[in-house]
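One structure is given here, and the rest of the page talks about it.
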Amino acid sequence: SGTLLSGKTAFITGAGSGIGRAAALTMARHGAAVGLIDLMDGRCHEVEEEIRSEGGRALFVDTDVSNPERMARAAASVAREFGGQIHLLFANAGINGTLAPIEDMTPEDWDKTLNVNLKGSFLALKYSIPYMKQSGGSIIITSSINGNRKFSGFGMCAYSSSKAGQVAFAKMAALELARYHIRVNAICPGAIDTNIGENTNSTPQLDKISIPVNYPEGSQPLEHGPGHPQQVADLVLFLSSDHASHITGTEIYIDGAETLL
Ligand code: NAD
């Protein structure tokens, strides 16, 4: 715990599980008031309760990040609850969606993945910026190593496209928002031990496109396995803080050297 983020309000999407949950707890423990955005499934209420039981300030707002009206209301609710402004945005909610070869991927499955991951990030910025631009701040978008450096799964044409789009979006946003002293960065985790696999749908046709790889899926030289949500939360804490005051418009890999294999 500490005071690195005291006086700050954070808006965190996908805060009910995995990376978002760890970041929410960490930011709250360092003094931030945290708005927790997730679907209504129970888990995010538990995060809200956990933070409050530790003496922190948290507000859960049940919101689908791909729904513009709900996101506009969520940003307004969080700002209203915590003094009118938002200083930190962690646009993190994401899904693997359906994994399938391109020829078998339905347009509906494609849209679902792009809507949650890429449009969800756009909406998070769009509706938070009005509450951020007076005092400046830091925005972090969760992309993935899949967005650029390494193809680490089969059937991820929609997922990888959404993740690459998030990096491009973060860079354009950094240029555009520099005049408000808002920094914007993308983070690109390798495999992290979270619940993201729970709602992944794989079609049987995936076998058609499997390519032999010479290392076990998800292996990382540093960890000999996936990384942990807390390790990503610590990066989010740093990027949120003034220690990162000259870091904007970049993508930061956090993958235990997985992309070098
Ligand atoms: P997770 O499933 O544990 O957590 C994601 C959270 O987002 C869940 O609580 C889920 O309910 C929420 N969510 C999903 N769809 C939503 C929607 N439409 N509206 C609001 N909330 C929604 O997964 P995670 O691994 O912590 O994923 C967080 C981010 O990290 C994602 O963007 C993911 O793509 C990215 N990522 C994960 C890994 C990994 O290996 N786990 C690697 C690279 C990038």
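The values are calculated or read from the model by the stated rules, or taken from the named source; none is laboratory data. Computed from a prediction, not measured in an experiment: that's the story for all the values here. Backbone-built Cβ (ideal geometry, glycine too); neighbour counts: all protein chains shown.
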Q. Is it true that some residue in segment 42-60 is out of contact with any Ser or Thr (no Cβ under 7 Å at 6 or more places or on another chain), assigned to a loop (DSSP other than H, G, I, E, B) and within 11 Å of the ligand (Cβ to nearest atom)?
A. yes
Q: Output the number of residues of segment 1-29 satisfying the condition of being touching a Gly at 6+ places or on another chain (Cβ under 8 Å) and surrounded by fewer than 18 Cβ atoms within 10 Å (Cβ to Cβ).
A: 4
Q | Cβ-Cβ under 6 Å pairs, at least 6 apart or on other chains, segment 132-144 side farther than 15 Å from ALA15 by Cα, far side of a type in the set (Gly, Ala, Ser) and surrounded by 24 or more Cβ atoms within 10 Å (Cβ to Cβ) | A | SER138/SER240; SER143/ALA186
Q: Output the number of residues of segment 218-261 satisfying the condition of being of a type in the set (A, V, I, L, M) and either part of a loop (DSSP other than H, G, I, E, B) or free of Cβ contacts under 8 Å to residues at least 40 places away in the same chain (or both).
A: 5
Q. Which one of ARG73, ARG80 is farther than 28 Å from SER245 by Cα and surrounded by fewer than 16 Cβ atoms within 10 Å (Cβ to Cβ)?
A. ARG73
Q: Could you run through segment 23-40 and say how many residues are more than 17 Å from ALA75 (Cβ to Cβ), within 16 Å of the ligand (Cβ to nearest atom), in a loop (DSSP other than H, G, I, E, B) and modelled with pLDDT of 95 or more?
A: 0
Q: Provide a single number: the residues in segment 87-108 that are under 19 Å from ALA158 (Cα atoms), among the aliphatic types (A, V, I, L, M) and outside any loop (DSSP other than H, G, I, E, B).
A: 3
Q) Could we say that PRO189 is modelled with pLDDT of 95 or more and within 16 Å of the ligand (Cβ to nearest atom) here? A) yes
Q: Would you mind stating whether GLY7 is at pLDDT 95 or above and more than 16 Å from the ligand (Cβ to nearest atom)?
A: yes
**Q.** Tally, over segment 224-240, of residues that are over 23 Å from ALA170 (Cβ atoms) and either within 14 Å of the chain's Cα centre (by Cα) or within 12 Å of the ligand (Cβ to nearest atom) (or both)
**A.** 3
Q | In segment 149-186, residue modelled with the highest pLDDT [restricted to those that are over 17 Å from the mean Cα position of the chain (by Cα) and of a type in the set (Gly, Ala, Ser)] | A | ALA178
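Name the single residue that is farthest from HIS224 (Cα to Cα) among those in segment 166-205 being of a type in the set (Val, Ile, Thr) and in contact with a helix residue (DSSP H, G or I) (Cβ under 9 Å, 6 or more places away or on another chain).
For segment 166-205, the residue satisfying everything is ILE182.
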Q. Of GLY7, GLY20, GLY84, which residue is assigned to a loop (DSSP other than H, G, I, E, B) and under 21 Å from PHE238 (Cα atoms)?
A. GLY7
Q) In this structure, is SER128 hydroxyl-bearing (Ser, Thr, Tyr) and within 13 Å of the chain's Cα centre (by Cα)? A) no
